[in-house]
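The values are calculated or read from the model by the stated rules, or taken from the named source; none is laboratory data. Predicted model, so just to flag it, every value in this text is computed and none were measured. Calculation scope for accessible area: heavy atoms of the full protein, side chains included, ligands and nucleic acids excluded. Shrake-Rupley method; radii C 1.70, N 1.55, O 1.52, S 1.80 Å.
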Amino acid sequence: MTSCQICNAQDFKYKCPTCFIKFCSVQCFNVHKELPCEKPAVAPPSENLPVEHPPLTYRFPTADTVPVEKLQALAHSDELKECLSNPHVRNILKSLVQSQTPETSITNAMKEPIFLELAHACLKIVEPEKFQHELGKRF
């Protein structure tokens, strides 16, 4: 493990929320805070160097696993971006992530027309055949 960047005597347990310097105790943090610190400048990525990302794969795929290509296609959906621009939709999603009872929360979210719009936008991309079939049943 990395040592405290203040005393260098112990392993670090904490990081400064501003400059991310590593420290081991309140005493070391107080020493660090005697001088003002700044958020580190992030070097902009070079436009000349290609950024390579490892291929995304699932460790434990199942029959219900959505292909990575379809998940990546969600990022390019204008309809989905428009849904996500609504603060109410974002609040619903936050509550789903934080829920202790996700099944109940999803059931409740599906009663919200704005959330259904988001779900439909996702299904159009992830399962277009199934989405078209479901639409045909309704009309």
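Rank S95, S77 by accessible area, highest first, at a 1.4 Å probe radius?
Highest to lowest solvent-accessible surface, that is S95, S77.
Structure shown: which of K22/K81; K94/K124; K94/K130 lie over 30 Å apart, alpha-carbon to alpha-carbon?
K22/K81
Multiplying the sequence separation of V26 and E38 by 0.36 nm and subtracting their Cα-Cα distance, what value in nm do you get?
Once the chain is fully extended between V26 and E38, it gains 2.4 nm.
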